[in-house]
1. For the chain, give the share of DSSP beta bridges that are antiparallel, in percent and rounded to the nearest 5; count only bridges with both residues there.
2. Once the other residues with Cβ under 10 Å from the Cβ of D148 are scored (Lys, Arg +1; Asp, Glu -1), what is the net sum?
3. Averaged per residue, what accessible surface does the range 130-267 expose to a 1.4 Å probe, in Å²?
4. If each residue of separation counts as 0.36 nm, what is the full-extension length gain between D97 and A175 once their alpha-carbon separation is subtracted?
5. Take each uninterrupted DSSP H stretch in the chain, measure its Cα extent along the helix axis, and return the ones at 15 Å or beyond whose mean Kyte-Doolittle hydropathy is at least -1.0.
6. What does the helix-only formula give at 222 nm for the chain: each DSSP H stretch with n ≥ 4 adding -39500 (n - 2.57), the total divided by the residues, and the result rounded to the nearest 500 deg cm²/dmol?
7. Can you pull the one-decimal nm distance between simple spin-label points at A37 and T247, each 7 Å off the Cα toward Cβ?
8. Using a 10 angstrom cutoff on alpha carbons, build the Gaussian network for the chain and name the most mobile of V64, V53, V34.
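The values are calculated or read from the model by the stated rules, or taken from the named source; none is laboratory data. The structure displayed is predicted, hence computed values, not measured ones. A quick note on method: Cβ atoms are made from the backbone with ideal geometry, for glycine too, and the neighbour counts reach across all protein chains shown. To get the accessible areas, we keep the full protein, side chains included, count just its heavy atoms, and leave off ligands, DNA and RNA. Shrake-Rupley method; radii C 1.70, N 1.55, O 1.52, S 1.80 Å.
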Amino acid sequence: MTQDGGQAVRIDTSKPHPARIYDYLLGGKDNYEVDQAAGDRLAAVAPEVWISVRANRAFLHRAVRHVVGSGVRQILDIGTGLPTSPNVHEVAQELADDVRVAYVDNDPIVKAHADALLSRAGTTSIVLADLRDPQSVIDHPEVRRVIDFGQPVALFLVAILHFIPDADEPERIVATLRDALPAGSFLVLSHATGDFADDRSDAEAVYNNATASMNLRSRDRVERFFDGFDLVEPGLTQVPFWRPDTTPPPGSAEIGFYGAVGRKTER
């Protein structure tokens, strides 16, 4: 793992951060009291969140195995969050030890933990950058060192786009990233939704004082992110039902996460 250069960035622990809330809900230790309190408030209004985050993580692992099994040897994981073993590169390199992985996140705490905990092999990099400026991600020298955009890439946007409000044009962001990918590349995406609940305004409100807002989207909105990609069977579905390798846990029908994998067939 190589480190991203530049000046030290101040880490704000006064507000909950989505990556640290997610870490808490997964049972991790890289979070603060403010993140734990937010996670508990979220679970109080959406109790299925405990199984949802684990189902989303399992979807991530299955998707990694699918794209690597399809021959892709490069992964660009944006919004990676705090390291939770097995990480993307660990799952991928169990199947093919030549897989290259570039992790991207905008939280300095994520980068600090990744620098300290992840493998320092030259095939893996952690970059501090912001998804809202997708071209800066594509052009980042550390991303370019690991990722060759002339060869197929698996782009991972897992549980990240629901933190991008409509004002920041998430469809434009994904389209910019898509256009940088050659044919044969994949998009792996999961996104929170309120489609399976009567009202999720209370869940969204938990993030009002966080460093990023929660923006639940419908199935139709999530499908738009796959414009330019052919969906891999079974298409867009709740994450526990995307090519499950075990019986989905009880309560899976209530999980408010869509997930899918798409393949780009044209430049």
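1. About 35 percent, rounded to the nearest 5.
2. Taking every Cβ under 10 Å from that of D148, the sum is +4.
3. 44 Å²
4. 25.1 nm
5. Flagged H segments are 33-45, 49-69.
6. Result for the chain, helices only: -10000 deg cm²/dmol.
7. With each label point 7 Å from Cα toward Cβ, the separation is 4.1 nm.
8. Checking each option, the largest mean-square fluctuation is seen for V34.
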